[in-house]
Amino acid sequence: MIRKFLIVLSSVMSLVPVGAVCRPVSDIIPRPAELQYGSGYFRFEGDSVPSDRVRCTLTGTGPESYTLKVSRDSILITAGDSAGLFYARQTLRQLVEPDGHSIPCVSISDSPRFAWRGYMQDVSRHFFDMDFLKKQIDAMAALKLNRLHLHLTDAAGWRVEIDRYPLLTSLAAWREGDLWKDWWFGERKYLPEGTPGAYGGYYTKEQLRELVRYAADCYVTIVPEIEMPSHSEEVLTAYPELSCTGEPYRHSDFCIGKEETFEFLENILTEIMDIFPSQYIHIGGDEASKKAWTECPLCQARMEALGLTHVDELQSYMIRRIGTFLESHGRTPVGWDEIMQGGADSTAVVMVWRGVDQGVRAAEGGNRTIMSPGAFCYFDTYQDDPSTLPPAMGGYTPLSKVYSFEPVPDGLDSAAASNIIGVQANLWCEYIPAEEHAELMIYPRLYALAEVAWSPASGRDYGDFHRRALVLCERMRADGYNVFDLAREVGDRPASQQSVEHLARGCKVIYNAPYNATYAAGGDTALTDGLHGGWTYGDGRWQGFISRGRLDVTVDLGRLTDVRSVEADFIQVCGPEVFLPAEVVISASEDGSEFRELRRITREVVRDDRVTFVTDGWHAAGAFVSARYIRVQARSGQFGGWVFTDEIVVR
Ligand code: ACM
Ligand code: ZN
């Protein structure tokens, strides 16, 4: 049953009152490929359009496609298949005017840009119940999304009943600590089911079969993910004999040297295939440590027997072997982009998360590719000023950024471009313990993902999309979704929104300790380019320091200059180990060798959930200081980690 937000629209202010002579404005998300308004309205009584005035024809052309012609007397739908018919109805629902009894005359011809239009829900880090999943399936259907990827297994909890291995749900599904971060930064203990205070849960097979049916009614396929060879601490505590040393609470990676590992995983996948009819079965593949494999006699023996020289090839062996097993059952393996390390079978589908460049590699290498790069498609990031939102993983991915995503990068030839079969948004839930919080992270960003996935690339217009998104936010809020308040979005960090003039702008920076190449920002000119960073250290404006004492730079002002103040901003995001400096020293010199300390700032660095910004500086109490060289040093504190700064502002 599709939730009513697409049927009853009376709570929404109409942009075009019924009967107005001006041309209606489409509020439909995702934007149809072609849409032309006629004049007048199709009017009806009651809650739904009477069927004798609607004519539907299945044409057998174009999967998921449809045309819709609304005239004053009738509604004509032609659809390529039953999915197309379903999507025509979704569009029709979005066309119903706020009076609930009229639909503008319109002619629409529509079909999806991509076959895979996905959303991933992490149910391991925090457990979400069936009603929550059904509610999100309703919204997905309305947005013409068609794949719900469930991240069912990870260190924080196994979430699917498996008959053959009961400890997966009687132990590995339960942990000490409701909040992932308390558990993860604590002792990471698992507890037997029923232990007072144990947090967790799992879906029974019966529940999952029901969910599969519910989703199928909405033309959504549920794609299960079973993580391997890594992210498997919970399995390897319940069944430690499958790890390299056999010790519980020690390993994240399965032992690839043991045949029992393959027997176990194949038995699990057999039960998974029995629950989920999806053509695609996700087998993880991301972030394997592979460390134990280098020391394990069985893993080493396997490598030797296969003539492998690198542990990446051992991972590749495992993924290929499991992929072949799935294919022998008529299914297709999907894995995160690390499955290309050591080589992937061309039949595997690569789900790209680390960056668009990985997608280019996969598509050019001949693999079908789903684009889900973190920079655009991870919704565990902040979407606005972090101080106004619940703690998140970090990062900053506003609606406009998601909307700007182009899944087919420039320069791909047509064969490689045709390998890009879709796009997907992912909601990792380490910092998302509650349903309302999850919805806040999902909507409206999922609208943008849906439009990227469905609508033609040409004709994208963020202004128009934003207007439609505001309308849909209201509709969904009226239907009980906790949607981010887009109308009050403030945008990126104010300091980053305009460039700053100061005496060091454009001046040479001497790096007494190097910046890290991954976070080079603008390179040698980043700290004097007049540009402050935004809400995230990863935005290409913040420069990152991890080696030696951390930040140590000298700015050469070019000539003796009267200096009144020196300032530098710092950012703290504890999850990725980015900390405020414990000590900042600002000094000045006339000749570049003799420095006079102007100010030393010290602080206790405290771990917390917030994203924090500080400006540390020296301000002349009285007379200016005459200097050509300004040195800024920032030392990390007890946690080590990164120091990031964005500009040395000298006045
Ligand atoms: C991932 O984010 N590790 C796929
Ligand atoms: Zn091993």
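Just so you know, in the range 282-300 the residues that are of a type in the set (Gly, Ala, Ser) and more than 9 Å from ligand 2 (Cβ to nearest atom) include one that is farthest from residue 337 (Cα to Cα), and it is 289.
With respect to residue 344, is the statement that it is in a loop (DSSP other than H, G, I, E, B) and among the aliphatic types (A, V, I, L, M) true? When the stated conditions are applied, residue 344 passes them. Does any residue of the range 556-578 turn out to be of a type in the set (Asp, Glu), surrounded by fewer than 19 Cβ atoms within 10 Å (Cβ to Cβ) and within 21 Å of residue 395 (Cβ to Cβ)? Yes: the range 556-578 contains one or more residues that are of a type in the set (Asp, Glu), surrounded by fewer than 19 Cβ atoms within 10 Å (Cβ to Cβ) and within 21 Å of residue 395 (Cβ to Cβ). Given the conditions (1) more than 17 Å from residue 28 (Cα to Cα); (2) outside any loop (DSSP other than H, G, I, E, B); (3) under 22 Å from the mean Cα position of the chain (by Cα), and given that residue 495 satisfies all but one, which numbered condition is not satisfied? The one condition residue 495 does not meet is (3). Is there a residue being surrounded by fewer than 21 Cβ atoms within 10 Å (Cβ to Cβ), away from ligand 1 (no atom under 15 Å from the Cβ), of a type in the set (A, V, I, L, M, F, W, C) and not in a loop (DSSP other than H, G, I, E, B) anywhere in the range 366-387? No, because not a single residue in the range 366-387 is surrounded by fewer than 21 Cβ atoms within 10 Å (Cβ to Cβ), away from ligand 1 (no atom under 15 Å from the Cβ), of a type in the set (A, V, I, L, M, F, W, C) and not in a loop (DSSP other than H, G, I, E, B).
Count, please, the residues in the range 620-637 that happen to be in contact with a Lys or Arg (Cβ under 7 Å, 6 or more places away or on another chain) and either not in a strand (DSSP E or B) or not basic (Lys, Arg) (or both).
4
What about residue 321, is it outside any loop (DSSP other than H, G, I, E, B) and either out of contact with any Ser or Thr (no Cβ under 9 Å at 6 or more places or on another chain) or not basic (Lys, Arg) (or both)? It is true that residue 321 is outside any loop (DSSP other than H, G, I, E, B) and either out of contact with any Ser or Thr (no Cβ under 9 Å at 6 or more places or on another chain) or not basic (Lys, Arg) (or both). Filtering the range 400-431 to residues that are in a helix (DSSP H, G or I) and crowded, with 22+ Cβ neighbours inside 10 Å leaves only 402. Of all residues in the range 217-236, those being touching a residue at least 12 places away in the same chain (Cβ under 8 Å) and either assigned to a helix (DSSP H, G or I) or of a type in the set (D, E, K, R) (or both) number 6.
Cβ-Cβ contacts under 6 Å between residues 6 or more apart (or on different chains), taken from a first residue in the range 282-306 that is among the polar types (S, T, N, Q) to a second residue that is near ligand 2 (Cβ under 9 Å from one of its atoms), are listed as 289/253. Screening 233, 241, 271 for residues that are more than 29 Å from the chain's Cα centre (by Cα) and either surrounded by fewer than 23 Cβ atoms within 10 Å (Cβ to Cβ) or of a type in the set (Gly, Ala, Ser) (or both) leaves exactly one candidate, 241. Does residue 448 satisfy the condition of being modelled with pLDDT of 95 or more and away from ligand 1 (no atom under 16 Å from the Cβ)? Against the criterion (modelled with pLDDT of 95 or more and away from ligand 1 (no atom under 16 Å from the Cβ)), residue 448 qualifies. Kindly indicate whether any position in the range 332-340 is touching a strand residue (DSSP E or B) at 6+ places or on another chain (Cβ under 7 Å), of a type in the set (A, V, I, L, M), more than 13 Å from ligand 1 (Cβ to nearest atom) and more than 21 Å from residue 453 (Cα to Cα). Scanning the range 332-340, I find at least one residue that is touching a strand residue (DSSP E or B) at 6+ places or on another chain (Cβ under 7 Å), of a type in the set (A, V, I, L, M), more than 13 Å from ligand 1 (Cβ to nearest atom) and more than 21 Å from residue 453 (Cα to Cα), so the answer is yes.
Applying the condition of being part of a loop (DSSP other than H, G, I, E, B) and surrounded by fewer than 21 Cβ atoms within 10 Å (Cβ to Cβ) to the range 347-365 and asking which residue is farthest from ligand 2 (Cβ to nearest atom) yields 355.
For the range 244-271, the candidate set comprises residues that are more than 11 Å from ligand 2 (Cβ to nearest atom) and of a type in the set (Ser, Thr, Tyr); within that set, the residue that is nearest to residue 229 (Cα to Cα) is 252. Does the range 505-549 hold any residues that are in a helix (DSSP H, G or I), within 27 Å of the chain's Cα centre (by Cα) and of a type outside the set (Gly, Ala, Ser), and which are they? Within the range 505-549, 518, 519 meet the criteria. So for the range 243-252 (the condition being modelled with pLDDT of 95 or more and within 14 Å of ligand 1 (Cβ to nearest atom)), does at least one residue qualify? Checked the range 243-252: at least one residue is modelled with pLDDT of 95 or more and within 14 Å of ligand 1 (Cβ to nearest atom). Only one of the numbered conditions (1) within 16 Å of ligand 2 (Cβ to nearest atom); (2) more than 20 Å from residue 153 (Cα to Cα); (3) among the hydroxyl-bearing types (Ser, Thr, Tyr); (4) out of contact with any helix residue (DSSP H, G or I) (no Cβ under 8 Å at 6 or more places or on another chain) is not met by residue 316, and that is (4).
The values are calculated or read from the model by the stated rules, or taken from the named source; none is laboratory data. As the structure is a computational prediction, the values presented were derived from the model and not from experiment. Counting neighbours? That spans all protein chains shown, and the Cβs are built from the backbone with ideal geometry, glycine included.
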